[in-house]
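Every number in this text was worked out from the coordinates using simple rules, so none of it is lab data. Only a predicted model underlies this, so the values are computations on that prediction, with no experimental measurement involved. Glycine gets a Cβ as well: all are built from the backbone with ideal geometry, and neighbour counts include every protein chain shown.
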Amino acid sequence: MKHLLKLGDLTREEILDLLGLADQLKFERRNNIPHPLLTGKTLGMIFQKSSTRTRVSFEAGMYQLGGNALFLSSRDLQIGRGEPVQDTARVLSRYLDAIMIRTYEQAEVEALAEYGSIPIINGLTDYAHPCQVLADLQTIREYKGTLAGRKLAFIGDGNNMANSLIVGGIKTGMSVAIGCPKGYLPDADIIKWAHENGDLTVTEDIGEAASGADAVYTDVWASMGMEEEAEQRRRDFAGYQVNTKLMTYAKPDAIVLHCLPAHRGEEITDEIIEKYQSSIFDEAENRLHAQKAVLVRVMKKD
């Protein structure tokens with residue numbers, strides 16, 4: 001595993017390997033067992049989109065693995081002033097051992113991998129959020145024991161989260177249902193791939209999507225960079241809310257997941273967040289462990 005650009009690049013075995021390592025690192029962290037696997041390594045973290053969980057979990061993760069992390073705001077880099085991405089990739093490859101980038105365009109992540117000579121990790125793009133979904137899969141497996149044969153329902157915008165959940169779910173043997181309004185579908189190529197390789201349902205009926213689900217997932221209606229669309233999206237997504245009524249369609253022991261931050265009262269009610277806060281905040285914690293597994297696999301070649 002050289003990079004983590006999107007989950008579609010990984011095999012089922014590679015995903016399960018990452019989840020197994022994440023579980024091991026979580027156990028060691030919980031039991032104060034040191035694991036300085038990346039001593040002397042340095043991760044550069046490029047942020048063109050700000051984040052609480054991504055920055056803190058990667059920075060803390062590198063520290064716990066014995067390495068260092070550098071926060072690189074786009075305001076502080078020449079890439080933010082128009083330096084070609086290929087030049088940035090070549091220069092940073094001389095200084096760092098890996099780069100994590102959180103940005104808008106998937107093409108920018110792919111270009112860093114093409115022109116650089118060090119591992120590149122996608123911390124989020126408008127197309128994919130692989131690190132988050134690894135944490136999500138780890139959480140579902142913790143609560144349900146297995147992934148294969150389980151049903152994952154996603155309610156809301158067919159965005160980067162929906163794209164990556166479809167791929168991660170199908171690759172690990174889950175059935176996936178997406179409940180979203182017309183005009184907000186996930187990526188067409190991902191839908192086609194999922195229909196050819198697994199069990200995917202895409203519907204405007206959120207009750208159908210949630211029916212029999214082991215895990216019900218949602219995300220904000222307007223992601224970062226879509227602020228101008230927020231009011232229109234509130235109208236378009238009215239009714240696409242994870243609430244007590246919707247959860248009656250899911251299995252009685254279903255869990256609720258949210259990648260956070262949540263807009264309580266919009267895509268999810270306050271009552272549901274509080275009722276299912278254990279799984280939601282275990283999921284948030286697992287960003288740390290899943291990303292540490294990624295860091296180890298791409299940076300520690302032996």
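Relative contact order for region 130-284: 24 percent, from Cα pairs under 8 Å spaced at least 6 residues apart, divided by residue count. Footprinting exposure proxy ranking of Phe71, Phe154, Phe47, Phe58, fewest other C-beta atoms within 10 angstrom first, gives Phe71, Phe47, Phe58, Phe154. Rounded to the nearest 0.05, the FRET efficiency derived from the C-beta distance between Thr42 and Tyr104 at R0 = 35 Å is 0.90. With a ≥ b ≥ c taken as the square roots of the eigenvalues of the C-alpha gyration tensor of region 1-96, please select rounded if a/c is under 1.5 and otherwise prolate if a/b is larger than b/c or oblate if it is not? In terms of gyration-tensor shape, prolate. Residue exposure proxy: Arg150, Arg235, ordered by other Cβ atoms within 10 angstrom of their Cβ from fewest to most, comes out as Arg235, Arg150. Expressed as an acute angle from 0 to 90° and rounded to the nearest 10, what is the orientation of the C-alpha long axis of helix 85-95 relative to the principal long axis of the chain? The answer is roughly 60 degrees.
Is any residue of region 237-275 close enough, with backbone N under 12 Å, to a label point placed 7 angstrom from the Cα of Thr203 along the Cα-Cβ axis, and if so, which? What the label zone holds, given the 12 Å backbone N cut-off, is 249-250.
Loop exposure criterion: GluC sites (Glu not before Pro), DSSP state outside H, G, I, E and B, at most 16 other Cβ atoms within 10 Å. Applied to the chain, the longest stretch between such sites is 1-104. The relative contact order of the chain, computed from alpha carbon pairs under 8 Å that lie at least 6 residues apart in sequence, is 21 percent.
Remark: region 129-140, residue by residue, has Karplus-estimated 3J(HN,Hα) of 9, x, 5, 4, 6, 4, 5, 5, 5, 4, 5, 4 Hz, where x stands for each Gly or Pro and the curve is 6.51 cos²θ - 1.76 cosθ + 1.60 at θ = phi - 60°.
Cross-link pairs exceeding 30 Å between alpha carbons, from the set Lys41/Lys144; Lys26/Lys301; Lys171/Lys301; Lys151/Lys300: Lys41/Lys144; Lys151/Lys300.
By the helix-only formula, in which each DSSP H run with n ≥ 4 contributes -39500 (n - 2.57) and the sum is divided by residues, the chain has a 222 nm mean residue ellipticity of -13500 deg cm²/dmol. Does region 179-302 classify as rounded, prolate or oblate by the C-alpha gyration tensor (a ≥ b ≥ c root eigenvalues; a/c under 1.5 gives rounded; else a/b over b/c gives prolate, otherwise oblate)? Because its axes are fairly even, with a/c under 1.5, region 179-302 counts as rounded. For the pair Glu196 and Thr52, the difference between a 0.36 nm per residue extended length and the Cα-Cα distance amounts to 48.2 nm.
With a Förster radius of 35 Å applied to the C-beta separation of Lys245 and Ser278, the computed FRET efficiency comes to 0.95. Give the angle, between 0 and 90 degrees and rounded to the nearest 10, that separates the Cα long axis of helix 160-171 from the longest principal axis of the Cα atoms of the chain. Relative to the chain, helix 160-171 is tipped by roughly 90 degrees. Treating r as the C-beta distance of Ala230 and Asp76 and R0 as 35 Å, the FRET efficiency rounds to 0.75.
In terms of its C-alpha gyration tensor, region 42-94 has an oblate overall shape, because the principal axis ratio a/c (a ≥ b ≥ c, square roots of the eigenvalues) is not below 1.5 and a/b does not outweigh b/c. Between the helical axis of 53-64 and the longest alpha-carbon principal axis of the chain there is an angle of about 50 degrees. Computed 3J(HN,Hα) for region 195-210, one whole-Hz value per residue from the Karplus formula 6.51 cos²θ - 1.76 cosθ + 1.60 where θ = phi - 60°, is 5, 7, 10, x, 10, 10, 10, 10, 8, 7, 8, 6, x, 5, 4, 7, glycine and proline marked x.
Residues Ser57, Ser117, ranked from the fewest to the most other C-beta atoms within 10 Å, line up as Ser117, Ser57.
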